[in-house]
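Encoded as structure tokens, the structure appears first; notes follow it.
Throughout, read-outs are computed from the coordinates displayed, never taken from laboratory work. Keep in mind it's a predicted model, so treat the numbers as computed, not measured. With ideal geometry, Cβ positions are generated from the backbone for all residues, glycine too; neighbour counts draw on all protein chains shown.
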Amino acid sequence: MQKLTTFFLRCSGADLSILKKCPSETSKYVGIGATIFFTGLFAALSGAYALYTVFDNAWFATVFGILWGLMIFNLDRYIVSSMRKQGKTVSELLMATPRILLAILISIVIAKPLELKIFEKEIEPELVVMEQQKYSEQEAQVRFRFQATQDSIKSAVAVLREEIAAKTSKRDELLRIAREEADGTGGSRKKNLGPIYKIKKADADAAETELTALTTRNEARIREYERSLANSDSLQAHALAKLEQTKLNGPAARMEALSRITEQSSAMAFAHWFIMLLFIAIETAPVFVKLISNKGPYDNLLKVEEHQFVVHEIEELARMNAQAKEKTANYPQHERTFIGTRLDTELK
């Protein structure tokens, strides 16, 4: 138990030699150190999972996860250990604000991959839907690429067939008129095959000849168009056959799926924010513990320890300035004044 306590104290960034003089502060820094350690552990798991979804390599993901966890651990440790208690709440809050913002940013980065893992079972079905939608979009794009050509061919064929139909209708009408003239049901109303009938029959025969020529010409063009249409259909079918249903499994696709799920379900949205706020609370906890805790013996001893170095620095600078002034004792007055002013300024 003592080894674990020492380990967490080291994680907190506290000076163990000073803590030994104020054992009442031990529990506070053990808690801070434990929070920092577990934040680093969560960061390692988060980074490893994120890299595993990208490269699908457990060893590479593990190594990166450890490095990422150590980096976050070291950063958190520095953030907390660099804060100093002065007994001035407003001043300490202003100094801690950048650290809090940084801690929130780190918590969001850590939380997102773990959130994707937590909601993995909900994300998988949505990924399938996204894959199908992606395939449908690709299929629509392929069909659109050939649509203009196919519509143009079909339109041209329809025009040619309409020409044949119109000529056929005209031929049939002329044949009807000639027949009615022959049997007396129309035209002159006289049943005979006289000159009027011959004229009308000639018109019908001419229309038949024109229809035959038009049909031959248009049918030949229609066959050409149909061959072009068949070729276009074949190219389209080949392009569709080459399409592959892309497997969406990367971090970006999973984040998109999670975003769609949270938009569709209020329960998922609440869970999403709950997890995010939980990690923010964990990451910022050490900073807030330092902020809300009273200035204790450890802070006073640390201030004394650091002040000793300041005093030592001032003493050394004063000693060196005195030596420098002794060396310039024989200099002209204006040079001694100038050097003395500069040395006093540096000392301040």
Problem - Y78, Y225, Y29 arranged by Cβ crowding within 10 Å, fewest neighbours leading - result: Y78, Y225, Y29
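Under 1.5 on a/c is rounded, so check that first for region 16-92, then, if it is not, pick prolate when a/b is larger than b/c and oblate when it is not; a ≥ b ≥ c are the square roots of the alpha carbon gyration tensor eigenvalues. Walk me through the numbers on the way to the answer.
Values: a/c = 3.90, a/b = 2.43, b/c = 1.60.
Taking the square roots of the gyration eigenvalues as a ≥ b ≥ c, region 16-92 is prolate.
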Exercise for the section: Could you pull out which residues in region 225-241 have an amide N less than 20 Å from a spot 7 Å beyond the Cα of A158, following the Cα-Cβ vector? Expected result: 225-233
Practice task
Can you tell me how much longer the chain between A58 and M71 gets when fully stretched, taken as 0.36 nm per residue apart minus their C-alpha distance, in nm with one decimal?
Solution key: 2.7 nm
Problem - Pair-distance profile P(r), taking every C-alpha pair of region 1-146, with 10 angstrom steps and integer % - result: 10, 26, 26, 17, 10, 6, 3, 1, 0
Completion exercise
Once both label points are put 7 Å beyond Cα along the C-beta direction, the K295-A252 separation in nm becomes 5.2 nm
Fill in the blank from the handout: E224 and I118 label points (each 7 Å along its Cα→Cβ direction) are spaced in nm at 6.9 nm
Problem - Principal axes of region 239-300: Cα extent on each, largest first, Å - result: 76, 25, 9
Problem - Distance between modelled label sites at Q132 and Y78, nm, 7 Å Cα→Cβ extension - result: 5.0 nm
Problem - Taking R217, R319 and counting other C-beta atoms within 10 Å, the order from fewest to most - result: R319, R217
Practice task
Would you please state the base-10 log of I(q)/I(0) at q = 0.18 1/Å for region 200-243, with intensities from the Debye formula using one equal scatterer on every alpha carbon?
Solution key: -0.63
Fill in the blank from the handout: Ranked from fewest to most other Cβ atoms within 10 Å of their own Cβ, H238, H272 fall in the order H238, H272
